[in-house]
Amino acid sequence: MPEHFLRKQTLVNAERFTTQELRELEETHIVADAKCQELEKRHYERLTQAVATESEHLLRLAGAIAELDCLVCFAEVAERRSYIRPRITSNRTLEIIRGRHPVVEALLESHEFVPNDTVMDPHEAPVQILTGPNMAGKSVYMRQVALIIILAQIGSYVPADQAMVGVVDKIFVRSGASDRITEKQSTFMVEMVETAYILRNCTPRSLIVLDEIGRGTSTYDGVSIAWAVASYLAQDTQSCPKTLFATHYHELQELAHLQKTVLNFQISVEEHHASLSFYIQLLRGKPLTAMALQLHSWRASQKRCYVGHEKNYYPLNNDFMKT
């Protein structure tokens, strides 16, 4: 071992050595690194002080750039998707001609989005009961209406041929089915808490979107709850908020005969032999029959299960209507 080698460290299976020259280089490197960090810190503090001094101007500039970016996006999508300028009014009327869902329309590449009209007059029937089978497009239609209102009120053009939007102060959406385990709330409990919040906080200028209220419990209880909520919202034309109420409980369609503030709508579906055709077109009135069994047969093609349910469906349905 050379004499100028200096033992640095002894390991189990090895020895580490250094030299006086390497020690001097190491010390020089450590000192230089410390000086670099000190310089970096000094420059950083100087930069932050300069930024803090101009923070007000920088925030205003960032806000202006963000607003400009938003407006450019509005203009670009309006040009590309043929959006129109909505008319904002002080009354509570909502009239949308051939409205489209801005997100779903952009995602559709193979075929054109099917537009729908929305007319909600506060002096006639601001509550719409919407029925139709799963996959027919009820949720898309209701969210479409809410999104068009939001776009109109933030200054954007909207996806429609014509649109007159009365100013809306709040938009409430009760949709989906999920629990809150950490708060000890079941799916049904969450549904009821959110529905109660909507009923307590809505105003005549609000838009309410209710997607299948009452499905988190038994059929009889669910129908009763859905009926009570719809009846409460439709009780008075002066205070009645605009409401889109999607449901599979066809019993709710009888409200249109009891409350002048309620109208029935359905999503058009036609049955051709063993298949269903979804036109995603909103029609006035109620369907002649439920399509759940046909949809099950079409999608699952489980003949034995389908026939068994079909045999029991009509007696059960008739018994329910008698009660």
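Readers should treat all values here as calculations from the given coordinates under stated rules, not as data from a laboratory. Bear in mind that the values here come from a model prediction, so they are computed numbers and not experimental data. Cβ atoms come from the backbone with ideal geometry, glycine included; neighbour counts cover every protein chain shown.
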Starting from the Kirkwood Rh over alpha-carbon pairs, what translational D in µm² s⁻¹ does the range 36-154 have by Stokes-Einstein at 37 °C and 0.692 mPa s?
176
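Kindly provide the trypsin sites (Lys or Arg not before Pro) of the range 162-267 that DSSP labels as loop, not H, G, I, E or B, and whose Cβ sees at most 16 other Cβ atoms within 10 Å. Mind dumping the intermediate values first?
On the way: sites: 170, 174, 180, 184, 200, 205, 215, 242, 260; in loops: 170, 184, 205, 215, 260.
Sites meeting the loop and neighbour criteria: 170, 184, 205, 260.
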Using modelled backbone amide H atoms (1.01 Å from N, in-plane), which distant-in-sequence or interchain residues come within less than 5 Å of residue 242's amide H?
206, 208
List the aspartates and glutamates whose Cα lies under 19 Å from the Cα of residue 35, skipping any in the same chain that are fewer than 8 positions away.
24, 26, 27, 45
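Suppose R0 equals 51 Å. What FRET efficiency, 1/(1 + (r/R0)^6) with r the Cβ-Cβ distance, do residue 179 and residue 119 give to the nearest 0.05?
Numbers: r = 37 Å, r/R0 = 0.72.
So, using R0 = 51 Å, E works out to roughly 0.85.
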Extension reserve of the residue 6-residue 111 stretch, reckoned as 0.36 nm per residue once the Cα distance is removed:
29.8 nm
GNM on the chain, C-alpha springs below 10 Å: top fluctuator among 107, 22, 252?
22
Cα-derived Rg over Rh, computed across the chain with Rh taken as Kirkwood radius:
1.29
Given H placed 1.01 Å from N in the peptide plane, which residues other than close sequence neighbours of residue 119 have an amide H under 5 Å from its amide H?
96
Please tell me the relative contact order of the chain in percent, rounded to the nearest whole number, where contacts are Cα pairs under 8 Å and at least six residues apart.
18
Along the range 2-14, Karplus-curve 3J(HN,Hα) (6.51, -1.76, 1.60; θ = phi - 60°) to the nearest Hz, with x for Gly and Pro, reads x, 5, 7, 7, 10, 5, 10, 7, 10, 10, 5, 10, 7
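Kindly provide the helix-only [θ] at 222 nm of the chain, computed as the sum of -39,500 (n - 2.57) over DSSP H runs of four or more divided by all residues, to the nearest 500 deg cm²/dmol?
-15000 deg cm²/dmol
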Rounded to whole Hz and in sequence order, give me ³J(HN,Hα) for the range 58-69 from the Karplus expression 6.51 cos²θ - 1.76 cosθ + 1.60, θ = phi - 60°, writing x for Gly and Pro.
5, 5, 5, 5, 4, x, 5, 5, 5, 5, 4, 4
What's the FRET efficiency of residue 218 with residue 36 using the Cβ-Cβ distance as r and R₀ = 51 Å, to the nearest 0.05?
0.10
Candidates 128, 253, 238, ranked by Gaussian network fluctuation over the chain, Cα under 10 Å, top entry
238
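Restricting to the chain, what percent of DSSP beta bridges are antiparallel, rounded to 5?
On the way: 21 of 42 bridges.
Roughly 50 percent of the beta bridges in the chain run antiparallel, per DSSP.
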